[in-house]
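Asks: First the structure, then my questions, so here it is.
The values are calculated or read from the model by the stated rules, or taken from the named source; none is laboratory data. In this text the structure is predicted, and so the values were computed from the model without any measurement. Heads up, the Cβs are rebuilt from the backbone with ideal geometry, glycines too, and the neighbour counts pull from every protein chain shown. Accessible surface is based on the protein model in full, side chains and every heavy atom, while ligands, DNA and RNA are left aside. Shrake-Rupley method; radii C 1.70, N 1.55, O 1.52, S 1.80 Å.
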Amino acid sequence: MTTWYGIDASRFYQYRNWTNTKGNLCRSYAAAVLIAYYQDYRTEITLPAYLRQPFADGENLVAYLRLFIQPLGYSTIACQVSLGISRFCQYHQQKIWARSTPIGGITRAIKRIDQHKPVIVGLNRFLGSTYGNHWVVAYAYRIDENGTYIFRVHDNWGAYQKEVPANWILGTVSFP
């Protein structure tokens with residue numbers, strides 16, 4: 001039996017249809033899932049009703065986050081994602097900010113997941129990612145028989161229980 005550490009996958013089932021169908025917006029979708037999780041299951045974020053009701057869809061949230069994270073639609077790096085999320089939270093009077101690890105981040109991801117906090121992770125094609133460069137939300141991890149860390153992620157291309165190896169990660173964005 002495989003032992004997973006972190007948050008149960010059932011909590012991400014409701015976000016399974018939050019799929020990036022508009023092109024290069026994976027970081028805005030990943031940010032929306034992270035913020036929605038905090039609104040739904042933690043007390044750190046309370047969003048205005050016009051952005052999103054608790055446990056509701058995330059289209060308005062994604063649209064607003066895009067303005068802060070990637071207004072021109074181009075690719076981003078971890079510090080741009082964390083700065084955009086922090087500016088979004090500040091604009092909406094939230095007393096929380098995002099942090100980033102620009103290189104690596106496996107230790108940060110494990111630490112946050114052990115605290116039952118999801119974390120956005122950047123997957124990098126040069127590190128072997130079959131996705132290419134992509135942003136997803138990690139919420140659990142396991143260690144396989146070879147001692148390799150595997151993360152369970154919400155992938156905004158339609159899979160909320162996708163497994164990715166930790167060595168694909170290049171950068172994280174999380175809340176403290």
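Asks: Report, in deg cm²/dmol and to the nearest 500, the calculated mean residue ellipticity at 222 nm for the chain, where each DSSP H run with n ≥ 4 adds -39500 (n - 2.57) and the sum is divided by the residue count.
Replies: Mean residue ellipticity, 222 nm, calculated: -9000 deg cm²/dmol.
Asks: I've got another one for you. Between residue 63 and residue 146, what is 0.36 nm times their sequence separation minus the Cα-Cα distance? Round to one decimal in nm.
Replies: Between residue 63 and residue 146, full extension yields 25.8 nm more.
Asks: Using just the alpha carbons, could you tell me how many Å³ per residue the convex hull of region 78-176 encloses?
Replies: 98
Asks: With the Cα gyration tensor of region 57-132 giving a ≥ b ≥ c as the square roots of its eigenvalues, does the rule (a/c under 1.5 for rounded; else a/b larger than b/c for prolate; else oblate) give rounded, prolate or oblate?
Replies: oblate
Asks: Further question: Return the whole-Å distance between the Cα centroid of region 137-176 and the Cα centroid of region 113-130.
Replies: Each part's Cα centre sits 5 Å from the other's.
Asks: Does region 126-176 come out rounded, prolate or oblate, given a ≥ b ≥ c as the square roots of the eigenvalues of its C-alpha gyration tensor, rounded meaning a/c under 1.5 and, failing that, prolate meaning a/b above b/c?
Replies: Verdict is rounded for region 126-176.
Asks: While we're looking at this one, here's another question. For residue 161, what residues show an amide H to amide H distance below 5 Å, using hydrogens built from the backbone and excluding near sequence neighbours?
Replies: Placed amide hydrogens put 155 under 5 Å from residue 161.
Asks: Let me make sure I get this right: for region 1-107, a, b and c are the square roots of the gyration tensor eigenvalues over alpha carbons, sorted descending. Under 1.5 in a/c it's rounded, otherwise prolate if a/b > b/c, else oblate. Which is it?
Replies: In terms of gyration-tensor shape, rounded.
Asks: Which residue, 76, 21, 46, tops the fluctuation ranking in a GNM of the chain built on C-alpha contacts under 10 Å?
Replies: With Cα springs under 10 Å in the chain, the top fluctuation among 76, 21, 46 is at 21.
Asks: Next question, about the same structure. If I compute solvent accessible area with a 1.4 Å probe over the protein chains, what percent of it on region 129-176 is carbon and sulfur?
Replies: Of all accessible area on region 129-176, carbon and sulfur atoms account for 44 percent.
Asks: OK, next. Using a cut-off of 12 Å between beta-carbons, work out the net charge of the residues near residue 81 (Lys and Arg +1, Asp and Glu -1, residue 81 not included).
Replies: Within the 12 Å Cβ shell, the charges total +4.
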